[in-house]
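The values are calculated or read from the model by the stated rules, or taken from the named source; none is laboratory data. Note that the structure is predicted; figures quoted are calculated from it, not measured. Neighbour counts are summed over all protein chains in view; Cβ atoms, including those assigned to glycine, are modelled from backbone coordinates with ideal geometry. Keep in mind that these areas ignore ligands, DNA and RNA; they rest on the heavy atoms of the full protein, side chains included. Shrake-Rupley method; radii C 1.70, N 1.55, O 1.52, S 1.80 Å.
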Amino acid sequence: LKCCGPPSCGHSRRADPVAMTPAVRATPPALLLLLPLLLVLLRSGPAGASLALKHGEGKERSEGWLRDDFVSLPQDISAKGWEQWIFCADEHMQCECPGEIRWGIDGHWSKLDGRQGPVSCSVEKLGDPCPQVGSGRHCECAVLRGSDAWFRLSPALLPDSDSSTPVVCCGTLEARAREGAWSKMLWEAGPLSLDLKTLQGLMQAWVDPRFRKNYERVYNRDGWVERAFVNYVGNCATNGTYDKMMEQLFRSVHLFSSEPLIVVHFGMLPPPDWDPERFPRLVLLHARPLPQALRWRSFNYNKYRAILLARVRTGIQLDSDQWVAPGADAMFDTTAAEINRGYPMPILPVHFLPDKGPSSGGVWWPRFCKEDGSCPGQTMRWSHAHPTFTYFALPWLGKWLRRNLRDEVLPDKKGYPASELRVLDVPEDEDLLNAGLWEDNATKQWCKFDVPDPSEFYILLEGRDDGGVVGDARFYPDGAPLVFYTAHHAVDPEVSESLITELEKRQKAGTLLPPITYKGKFYRSGAELRKDHPDVPSSSEMWYPSFQSVVPNSGFGQHRGICHFMFSRSHASWPVTQQVTNYDLTRANPLSPASANAVKLHVG
């Protein structure tokens with residue numbers, strides 16, 4: 001049952017001269033079909049630890065506890081002064097290199113000078129050095145060994161003999177799977193008969209040496225962080241648009257949240273202006289990119305990897321074109337309450353598109369829709385790919401990532417002829433998140449807390465009455481609330497900077513309106529909203545983050561005002577933890593109103 005070697009994160013093999021160069025990418029097809037679920041863990045947490053702990057609490061966390069070999073590259077490099085080819089970027093990605101770049105595949109290269117600025121690694125820009133090959137083209141960068149640039153490289157791309165020790169690997173996963181609930185969840189997430197080299201290559205993550213103190217401050221000695229935002233990113237050209245977008249994301253988290261931000265970097269060189277002192281709750285991890293030699297896979301599947309590699313017990317995933325707004329931390333309590341052993345799946349916000357369906361295209365629709373166009377197998381409206389999660393949802397994320405990486409096929413579904421689905425044919429992370437949730441009969445969906453465009457924050461700032469999500473015929477005929485917790489599609493850093501500054505000003509002045517808007521009115525909580533609109537939603541569950549503090553502990557165990565409910569009916573039973581904000585318990589039912597008469601409520 002050994003998954004990847006001994007129960008430590010030390011190097012158990014010597015890499016090829018250059019990690020992730022064609023020698024690694026030329027993996028036999030049969031091996032790549034067995035690419036693993038990315039199970040990650042440093043050490044498991046204590047079985048009884050409270051999910052409500054915040055970073056910075058407890059005696060275990062202090063600076064200086066991380067061993068030097070986790071953050072330091074070898075300073076005594078025996079072979080210096082010669083250039084080493086390092087993987088830089090896959091096809092269609094940008095490569096920023098301090099020296100020469102080569103583009104192509106092993107044995108078929110074209111070279112160019114990278115010192116003129118970032119290079120777009122694509123056939124359209126650089127030509128095709130090997131037209132007979134379908135995929136696997138990439139850029140590599142010649143980096144002088146022992147140079148400043150060489151020491152700033154992502155440790156994930158260096159040979160093992162030159163790299164630091166990874167803080168994430170799967171060896172301790174096997175050794176400690178029985179020592180904590182979250183560790184057991186990660187162990188259950190993965191298959192066992194996996195190839196050693198491939199698993200080791202994709203399951204590791206490294207702490208950026210500059211962020212050592214931040215890592216020690218944010219993470220417990222057990223290798224987990226209690227609550228955090230999680231981001232994934234590739235190459236960001238220094239002072240380029242993405243670098244500036246990331247700066248606004250970092251800034252917003254440090255202005256409007258008390259929680260850390262874990263960034264998992266899948267590129268070669270992170271921008272030097274990502275400053276651990278300016279952003280003390282930012283932690284930068286490095287991981288290897290997805291292999292693309294056999295079959296192209298969207299970079300966005302690294303979203304699943306980042307969530308697993310970050311080791312966060314309660315998390316909110318943020319894309320690089322997002323930033324957070326005042327009140328966003330309320331989502332952590334609500335997420336911890338709603339995603340549990342009885343509902344072990346991520347919860348996503350409703351999408352602003354009201355008519356996403358079979359006519360939109362997609363190989364997955366025959367699994368959920370009939371020939372007459374109805375889709376009884378679709379359990380929720382289309383969701384936007386900004387998942388919130390707890391450790392209970394990690395097995396689910398791992399399962400669906402594994403199905404993509406192993407090229408698994410789902411057989412025909414009863415009642416849906418010709419519904420066989422090759423998971424690898426589902427092209428994007430959002431497509432698979434939706435199809436996977438419907439496949440597993442998920443029913444929970446957030447209000448639109450990821451505002452579709454930063455410009456819509458003027459609805460909040462100006463108190464306009466035109467905010468909300470357009471309705472659809474089946475799930476939300478009257479539309480859905482809009483919640484100003486995060487901004488999406490924040491692709492103009494100057495616009496983001498201006499809006500974040502104005503939000504900070506209003507927050508300090510106490511003049512910022514409540515964050516939830518629906519039908520022209522603003523509300524502080526879902527409970528307050530339901531007083532005016534008790535029937536929303538009418539045909540599917542929607543879950544409302546609370547902006548209010550929970551009530552004091554009133555005998556509900558050790559969850560500081562979190563009340564435990566159990567809802568059951570003849571064919572299903574599950575526990576649900578619900579935040580208490582003067583709730584009308586008759587409306588705390590997680591089932592649709594139509595089934596309310598079949599429900600028994602147990603409160604404790």
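Worth pointing out:
- Taken as a whole, the structure places GLU462 among residues that are of a type outside the set (Ser, Thr, Tyr), open to solvent by 10 Å² or more (accessible area, probe 1.4 Å) and farther than 23 Å from VAL312 by Cα.
- The set of residues in segment 267-278 that are open to solvent by 10 Å² or more (accessible area, probe 1.4 Å) and touching a strand residue (DSSP E or B) at 6+ places or on another chain (Cβ under 8 Å) contains only PRO276.
- Evaluating ALA306 against the criteria (1) surrounded by fewer than 24 Cβ atoms within 10 Å (Cβ to Cβ); (2) touching a Phe, Trp or Tyr at 6+ places or on another chain (Cβ under 6 Å) leaves one unmet condition, (1).
- Checking the stated criteria, ASP243 turns out not to satisfy the condition of being surrounded by fewer than 24 Cβ atoms within 10 Å (Cβ to Cβ) and modelled with pLDDT under 80.
- Close pairs (9 angstrom Cβ cut-off, 6 or more residues apart or separate chains): without any contact (Cβ under 8 Å) to a residue 60 or more places away in the chain and under 14 Å from LEU269 (Cβ atoms) in segment 110-121, open to solvent by 50 Å² or more (accessible area, probe 1.4 Å) and in a loop (DSSP other than H, G, I, E, B) anywhere: GLY114/GLU96; GLY114/PRO98; ARG115/PRO98; VAL119/GLU96
- Residues that are over 25 Å from PRO209 (Cβ atoms), surrounded by 24 or more Cβ atoms within 10 Å (Cβ to Cβ) and among the aromatic types (Phe, Trp, Tyr) do not occur anywhere in segment 280-298.
- Any hit, segment 535-556, residues being in contact with a Phe, Trp or Tyr (Cβ under 8 Å, 6 or more places away or on another chain), charged (D, E, K, R) and at pLDDT 50 or above: no
- Of all residues making up segment 114-152, the number that are among the aliphatic types (A, V, I, L, M), at pLDDT below 90 and open to solvent by less than 50 Å² (accessible area, probe 1.4 Å): 2
- TRP364 at pLDDT below 95, under 20 Å from TYR301 (Cα atoms) and of a type outside the set (Ser, Thr, Tyr): no
- Filtered residue count, segment 410-443, keeping only those that are part of a loop (DSSP other than H, G, I, E, B) and buried (at least 22 other Cβ atoms within 10 Å of the Cβ): 1
- There is no residue in segment 491-498 that is without any contact (Cβ under 8 Å) to a residue 12 or more places away in the chain and either assigned to a loop (DSSP other than H, G, I, E, B) or open to solvent by less than 10 Å² (accessible area, probe 1.4 Å) (or both).
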